[in-house]
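**Student:** Dumping the structure here so I can ask a few things about it.
The values are calculated or read from the model by the stated rules, or taken from the named source; none is laboratory data. Since this is a predicted model, take the numbers as computed values, not measurements. We place every Cβ from the backbone using ideal geometry, glycine too, and count neighbours over all the protein chains shown. Side chains included, ligands, DNA and RNA excluded: accessible areas come from the protein's heavy atoms. Shrake-Rupley method; radii C 1.70, N 1.55, O 1.52, S 1.80 Å.
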Amino acid sequence: MAAEGSSEDVRGRAQQSPLASQRAKEQGQAPQQGRFAQWFPLGAKEGFSQWWAGTSPAATEHRVLSFIPYLQKPPTHTQTGSAPVSTTPSAADLSLLSNQGEHITSTSIDDPHGPRRWNSEMVELSGRGRALNEFSVERIGEDVEHNLVMLHGYGAGLGFFYRNFEAISRAEGWKVYALDLLGMGRSSRPSFKIHAKDKDSKIKEAENWFIDALEEWRIKRGLERFTLLGHSLGGYLAVAYALKYPGRLNKLILASPVGVPEDPYAVSEELPDPDESSMANEFTQDAAQTANGIKGSMADGNNFMNQRKKGEEDPNQPPRRRLPGWLTYLWEANMVSPFSLVRWSGPLGPRLVSGWTSRRFSHLPEEEAQALHDYSYSLFRQRGSSEYALAYLLAPGAFARNPLIRRIHGVGRQWIEAHEAPTVDGDRPKKCHRTRSKSPAPSVGSASQSVSSQPPQRENGIPIVFMYGEHDWMDVAGGFAAEEKIKQERARILANATAEERRRDHGGAKVVIINKAGHHVYLDGWDQFNRVMLEEMDDVKRRGRIL
């Protein structure tokens, strides 16, 4: 009974909604304020109160997950990778949770699509300070035949999928896992440091930081094969995982993945002008307007097809200017990230975050939008860790240092042997090469990484699905270009294949558009997104029966 009362308390203790004043102004109920207040709508008093309260990420994640249908009292373990910077969470924060500990399970009994078992756990990995926050759901009384793993985007957390868990977990025979990436969300936040010296090696080491942790988690969970979904940066890393650890995926689903198109300025020393960065859309595009069919003014800033035109600049025009020296130094030296300012700004932090959350969640019911604002701020203010990997993976502007368009054709076509990095194999297998990643190696040997006297086998291709929002600032043209490269590689591989080899091949790609959605397709167009996911999961089951 106490848990039930606490669950109600957490709903009633919400801070002043950052959307309240914005919506009131739109309805003509409040006078116009200054420019700062228009961009950062959370009031100074409310912002100070939120900063001072220092609500723990465990409590804010718990509240977000309480909006999952039939799970009003979600399990939430209380361990988090780092403590809030400014204050120590009060004991009251923990009383808001239904249970305490590192491993919590609950069952949704009054569930028309269940019963289902929900679990929250911190999964310890090898090495010092390495653990992944995990949230999972499975159907009780059914054998788990397939597994879905969901990865969030840059700086976010698994709670952002709260509108997807219930619908997706209706699929029979499936277990759904959502993970916080190492150094983000509520996962542990070890110090992030690159040891490599040259540019390419730095990119590989940064990618390995994330995907080696994912592989070790897979081994600890005993998953032989699984379907992987990644959003934005999670999509980029999902491709990297598929390349380094072949033979583990049944299907790859990329929801508005970052880093697909190629920009000549991102892969050279000349970095793109921040004024032309499409990343600004993430902070300026209003989700409510997107849902109503209004496209952002900068929505084609990441246009794959236009990049060729930008590369062919008029010789009579001055070249694009370099970034300011001080900003380039801070970016390259890992001394600044989008969340550094939130931590440095102290009591102003919640107001700065409201500038993003007030637009990002403007289409949601106010109570849910408020919960996501609180959750976002509690994550953004945590100690910096893998957020600093962004400088190694992306140039300012969301273009990759090593674009996926150069590597996507290798997904599902790798030799099943040890790989030291997410690079594309040739037509002949490489001899055994040991990993040189600075990230701690998995503590348990992986079958795909073991040395065998048998001749190496090559993957038979896997289906790859690209999902974009109808008004996505991550341009869909990159997805179509990647689809074409994947199909070309399949045709090349099967040119001289036998009938049996063709039958066993599962390679292919397609692009799906989520209506009235922006970059966060799983949230903006959650209903259609969930239907697409269930269709793709059913396809995995059909393919499994054919084999």
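**Student:** Which residues, taken from the range 524-547, are open to solvent by 40 Å² or more (accessible area, probe 1.4 Å) and not in a helix (DSSP H, G or I)?
**Tutor:** Listed by number, the list holds a single entry, 547.
**Student:** Shifting gears a bit: Could you list, in sequence order, all residues of the range 133-183 that are basic (Lys, Arg) and free of Cβ contacts under 8 Å to residues at least 60 places away in the same chain?
**Tutor:** Those that are basic (Lys, Arg) and free of Cβ contacts under 8 Å to residues at least 60 places away in the same chain: 139, 175.
**Student:** For residue 148, work out the one condition from (1) within 15 Å of residue 74 (Cβ to Cβ); (2) assigned to a strand (DSSP E or B) it doesn't fulfil.
**Tutor:** Condition not satisfied by residue 148: (1).
**Student:** Taking only the range 124-145 into account, find how many residues are assigned to a strand (DSSP E or B) and more than 19 Å from the chain's Cα centre (by Cα). Give the steps one after another, and end with the answer.
**Tutor:** As a first pass, look at the range 124-145 and keep what is assigned to a strand (DSSP E or B): 124, 131-139.
Retained after the next criterion (residues that are more than 19 Å from the chain's Cα centre (by Cα)): 124, 138-139.
Residues meeting the conditions: 3.
**Student:** For the range 395-409, indicate whether the set of residues that are touching an Asp or Glu at 6+ places or on another chain (Cβ under 6 Å), at positive phi and at pLDDT 80 or above is non-empty.
**Tutor:** There is no residue in the range 395-409 that is touching an Asp or Glu at 6+ places or on another chain (Cβ under 6 Å), at positive phi and at pLDDT 80 or above.
**Student:** Across the range 105-134, what is the number of residues that are surrounded by fewer than 19 Cβ atoms within 10 Å (Cβ to Cβ), over 26 Å from residue 167 (Cβ atoms) and in contact with a strand residue (DSSP E or B) (Cβ under 7 Å, 6 or more places away or on another chain)?
**Tutor:** Of the residues in that region, 1 qualify.
**Student:** Turning to a different aspect of this structure: Any residue in the range 240-262 that is within 16 Å of residue 423 (Cα to Cα) sitting within a Cβ distance under 7 Å of a residue that is hydroxyl-bearing (Ser, Thr, Tyr) and open to solvent by 10 Å² or more (accessible area, probe 1.4 Å)? List the pairs, counting only those 6 or more apart or interchain.
**Tutor:** Close Cβ pairs satisfying both conditions: 243/423.
**Student:** Can you find even one residue in the range 501-519 that is part of a loop (DSSP other than H, G, I, E, B) and either aromatic (Phe, Trp, Tyr) or without any contact (Cβ under 8 Å) to a residue 24 or more places away in the chain (or both)? Spell out the reasoning first.
**Tutor:** Keep residues of the range 501-519 that are part of a loop (DSSP other than H, G, I, E, B), which gives 505-507, 515-519.
Still in the running and either aromatic (Phe, Trp, Tyr) or without any contact (Cβ under 8 Å) to a residue 24 or more places away in the chain (or both): none.
No, the conditions are met nowhere in the range 501-519.
**Student:** Out of all the residues in the range 135-144, which are open to solvent by 10 Å² or more (accessible area, probe 1.4 Å) and within 23 Å of residue 522 (Cβ to Cβ)?
**Tutor:** Answer for the range 135-144, where residues must be open to solvent by 10 Å² or more (accessible area, probe 1.4 Å) and within 23 Å of residue 522 (Cβ to Cβ): 138, 139, 144.
**Student:** Now for a different question. Which members of the range 145-165 meet the condition of being open to solvent by 10 Å² or more (accessible area, probe 1.4 Å) and at pLDDT 95 or above?
**Tutor:** If the condition is that a residue be open to solvent by 10 Å² or more (accessible area, probe 1.4 Å) and at pLDDT 95 or above, then 145, 146, 147, 163 are the ones that fit.
**Student:** Suppose we filter 225, 170 for residues that are modelled with pLDDT of 95 or more, surrounded by fewer than 24 Cβ atoms within 10 Å (Cβ to Cβ) and more than 30 Å from residue 424 (Cβ to Cβ); which single one remains?
**Tutor:** Going through 225, 170 in turn, just one is modelled with pLDDT of 95 or more, surrounded by fewer than 24 Cβ atoms within 10 Å (Cβ to Cβ) and more than 30 Å from residue 424 (Cβ to Cβ): 170.
**Student:** Take the residues of the range 341-363 that are over 20 Å from the mean Cα position of the chain (by Cα) and outside any helix (DSSP H, G or I): which is modelled with the lowest pLDDT?
**Tutor:** Top of the filtered list is 345.
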